[in-house]
1. For GLY100, are the conditions met, namely being under 15 Å from the mean Cα position of the chain (by Cα), at positive phi and buried (at least 19 other Cβ atoms within 10 Å of the Cβ)?
2. Only one of GLY78, GLY120, GLY106 is under 19 Å from PHE248 (Cα atoms), outside any helix (DSSP H, G or I), in contact with a helix residue (DSSP H, G or I) (Cβ under 6 Å, 6 or more places away or on another chain) and not hydrophobic (A, V, I, L, M, F, W, C); which?
3. Within region 202-245, track down each residue that is among the charged types (D, E, K, R), more than 13 Å from SER187 (Cβ to Cβ) and in contact (Cβ under 8 Å) with a residue 12 or more places away in the chain.
4. Restricting region 120-145 to residues that are among the aliphatic types (A, V, I, L, M) and closer than 19 Å to HIS165 by Cβ, which is surrounded by the fewest Cβ atoms within 10 Å (Cβ to Cβ)?
5. Can you confirm whether MET76 is more than 13 Å from the chain's Cα centre (by Cα) and not polar (S, T, N, Q)?
6. Cβ-Cβ under 8 Å, sequence separation 6+ or interchain: first residue in region 138-162 and touching a residue at least 12 places away in the same chain (Cβ under 8 Å) and closer than 21 Å to ARG116 by Cα, partner outside any helix (DSSP H, G or I) and among the hydroxyl-bearing types (Ser, Thr, Tyr). Which pairs?
7. Which of the residues belonging to region 190-211 are of a type in the set (A, V, I, L, M, F, W, C) and outside any helix (DSSP H, G or I)?
8. Quick one: would you say TYR198 is out of contact with any Cys (no Cβ under 9 Å at 6 or more places or on another chain), within 25 Å of LEU96 (Cα to Cα), of a type outside the set (A, V, I, L, M) and crowded, with 19+ Cβ neighbours inside 10 Å?
Amino acid sequence: MSTAERALAGGRRWGGGREFLGDRVGGQHAHDSGGQSGDIQCFARRSGSLPALEASWLVRLKFRLSDRQVQFDPKMYGWPWVPDTLSWVVPTAMALITMGRAKRYGLIRGSEFEKRLSLGAEMLLDRACPEGGWNAGNAVVYGVPLRPHVDATSLALASLRFHYHLPIVRNSLTWMLNRIDCPSAYSLAWVILAAAAYKDVRSDVSPALDMARDRLATLVEDPRAVEDTSTVALAALALGPEDTNNPFEVEV
C-alpha cells in the first residue's frame, strides 16, 4: 500500500476512522497478513458485519407508513458509518469499490457476495439526486430536492462504473465534469480519481481531466487549500502518473 493510500486509510474526514477501511480489526492490522490485498480481502469479508438500519423490516415499515419526510426506497440499503444506523452514500461507495476490487482480484466470491454488491449499487442509484449527482444521504427531503456534493458524487461514480449504461449515472458524470472549477482541492482530487475510469466511454472526459489536474496542481501550491493529510494523499494520487494504480478504480 502506498504512502498516499495509508494516509487516506488513516483519515477521519467523514467520521469513519481506521476500522472502516480495514486498517485495524480486532487488535490486528489487516495488512500484516497480505499487504494491500489483505486489506481488501479483510474488509470484503467483513462487509456484512456493518448492518444498515434499513435491513430491519420494522425500520422499513416505519419509513413506508409514518416517516415519509425523506424520499427513498428502504428495501435498498448500503452501508452506514457505524452499525445500526442508516445507509450513507460515501461508506456505501467505499464498500462497493473495495468489494469490486476484491472480486476482480479473485479474493472473494459467492452468491451472497454478489447479492450484497447488487443491493449496495441499487441503494446508490435509488438515492441519486433527480438531475444527477449525490448528496450525503438522501436526494429529496420534505419534498425538496437536495443539491449534490462533489466528493460524494465522485465516490458514487467511482463505484458505479459498471452501471454507466443507466441515464442517472451518465447524467451524474456530466454534472461532475461541469464542476472542475471547484475551489476545493480535496473535492477536485476526488473528481480526477473518479473520472479516470470513464475515459473510454466519453470523449469529453480526457480534456476535463487535463484541466482538472492543472487546476489541482495550482490549488495545492497554496497551503490554505490543503486542509489535512487526506487532501495531501488524494492530491498525490490524482496528480500521479496516469499509469499509476488508482486504488479507487473498479476496472470493467
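1. Details: under 15 Å from the mean Cα position of the chain (by Cα): yes; at positive phi: no; buried (at least 19 other Cβ atoms within 10 Å of the Cβ): yes.
The answer is no for GLY100.
2. Working: GLY120 fails: outside any helix (DSSP H, G or I); GLY106 fails: in contact with a helix residue (DSSP H, G or I) (Cβ under 6 Å, 6 or more places away or on another chain).
Answer to the selection: GLY78.
3. Kept after step one, since they are among the charged types (D, E, K, R), are these residues of region 202-245: 202, 204, 210, 213-215, 221-222, 224, 227-228, 242-243.
Then keep just the ones that are more than 13 Å from SER187 (Cβ to Cβ); that gives 202, 204, 210, 213-214, 221-222, 224, 228, 242-243.
Scanning region 202-245 gives ARG202, ASP204, ARG213, ASP228, GLU242.
4. Quick first cut of region 120-145, residues among the aliphatic types (A, V, I, L, M) only: 121, 123-125, 128, 136, 139-141, 144.
Add one more test, that the residue is closer than 19 Å to HIS165 by Cβ, and what stays is 121, 123-125, 128.
Numbers: ALA121: 22, MET123: 25, LEU124: 26, LEU125: 18, ALA128: 23.
Among residues in region 120-145 that are among the aliphatic types (A, V, I, L, M) and closer than 19 Å to HIS165 by Cβ, the one surrounded by the fewest Cβ atoms within 10 Å (Cβ to Cβ) is LEU125.
5. Details: more than 13 Å from the chain's Cα centre (by Cα): yes; not polar (S, T, N, Q): yes.
Criteria met by MET76.
6. none
7. Residues of region 190-211 of a type in the set (A, V, I, L, M, F, W, C): 190-197, 201, 205, 208-209, 211.
Hit for region 190-211 is VAL201, nothing else.
8. Numbers: out of contact with any Cys (no Cβ under 9 Å at 6 or more places or on another chain): yes; within 25 Å of LEU96 (Cα to Cα): yes; of a type outside the set (A, V, I, L, M): yes; crowded, with 19+ Cβ neighbours inside 10 Å: yes.
Judged against the criteria, TYR198 is a match.
FYI, it's all coordinate maths here, none of it is from the lab. Because the structure is predicted, anything quoted here is derived from the model rather than measured. Glycine gets a Cβ as well: all are built from the backbone with ideal geometry, and neighbour counts include every protein chain shown.
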